[in-house]
Amino acid sequence: MSSDRLSNQVRRLRFEHGQMTQQQLADKVGVTRQTIIAIEAGKYAPSLPLAFRIAHAFNGTIEDVFQYDNEHEESGD
Amino acid sequence: MTKLQKRAWFELVGVVAAVAVGAIGLAVLVRLNANGIFNIVIFSVTFLVTGLVAAVSSIRFFSSFDEREKKIYIRAFVIAAGAFAAFTCFISFCVFFIVGGKSLIPVYVLPAMFLLGLFIAQFVQSTAILIQFAWEQADEQ
């Protein structure tokens, strides 16, 4: 049995990049503010192009912004 | 209120108006006992024009949504399509069992059932969109 969890650093990176507001980030990447809110809250997993645009907005890589925790329960491997 | 929420309210109000107009039109056609190829042509042209305008409007509006709103809209559309199918099946068998398998029903019952099904589908779609947004806002608080 595996448990997949996608987390992100969007909120922290926003504050580190000149106190960027959610609306400013939304305008930069071409989505609504509600989408940024949903991403930060972990309620919505962005598509790959959107994830890349968000990473690009913070001048970083996609791994800097999004982390994927894949926990496997070893079962006799 | 987002563009999608406004669209959901607009479509809800719009479909109520459309069904009202459709019902009145249907009543007039029944009263006039409209039939024949000429009426079929008039109906077909009206149907095509209305359908094209609605389709183009929906496509243009859909393209203005962001990806999350598109997912919300598609999810609501699938639920509405299921509701339309379920209602059509249910009402058809209700009529069957109410009047009996060997009885007759007036022909206007068929378009009336269809109009009602369209109304229910749009109502479900708009409600599904608004509920999804309400859930998100509840989570934020």
remark   = Scanning segment B:59-90 residue by residue, the ones that are of a type outside the set (D, E, K, R) and within 14 Å of chain A (Cβ to nearest Cβ) total 6
key: Whichever residue in segment A:36-50 is in a helix (DSSP H, G or I) and open to solvent by 50 Å² or more (accessible area, probe 1.4 Å) and, among such residues, is farthest from the other protein chains (Cβ to nearest Cβ)   = A:Leu48
key: Tally of residues being open to solvent by 70 Å² or more (accessible area, probe 1.4 Å), under 14 Å from A:Ile54 (Cβ atoms) and either at pLDDT 90 or above or over 13 Å from the mean Cα position of the chain (by Cα) (or both) across segment A:1-15   = 2
query = Of all residues in segment B:1-28 being open to solvent by 80 Å² or more (accessible area, probe 1.4 Å) and free of Cβ contacts under 8 Å to residues at least 60 places away in the same chain, which is nearest to B:Leu110 (Cα to Cα)?
reply = B:Ile24
inquiry  = Which residue is farthest from the other protein chains (Cβ to nearest Cβ), if the candidates are limited to segment A:51-73 and must be among the charged types (D, E, K, R) and outside any strand (DSSP E or B)?
reply    = A:Glu73
query = Do you know which residues across segment B:34-87 are aromatic (Phe, Trp, Tyr) and open to solvent by 50 Å² or more (accessible area, probe 1.4 Å)?
reply = B:Phe38, B:Phe43, B:Phe47, B:Phe61, B:Phe62, B:Phe77, B:Phe84
key: Count - residues of segment B:91-141 that are away from chain A (no Cβ under 14 Å) and surrounded by 11 or more Cβ atoms within 10 Å (Cβ to Cβ)   = 29
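The values are calculated or read from the model by the stated rules, or taken from the named source; none is laboratory data. Quick caveat: nothing in here was measured; it's all calculated off a predicted structure. Ideal geometry is used to build each Cβ from the backbone, glycine not excepted, and the neighbour counts take in all protein chains shown. These accessible areas exclude ligands, DNA and RNA; they are computed on the full protein's heavy atoms, side chains included. Shrake-Rupley method; radii C 1.70, N 1.55, O 1.52, S 1.80 Å.
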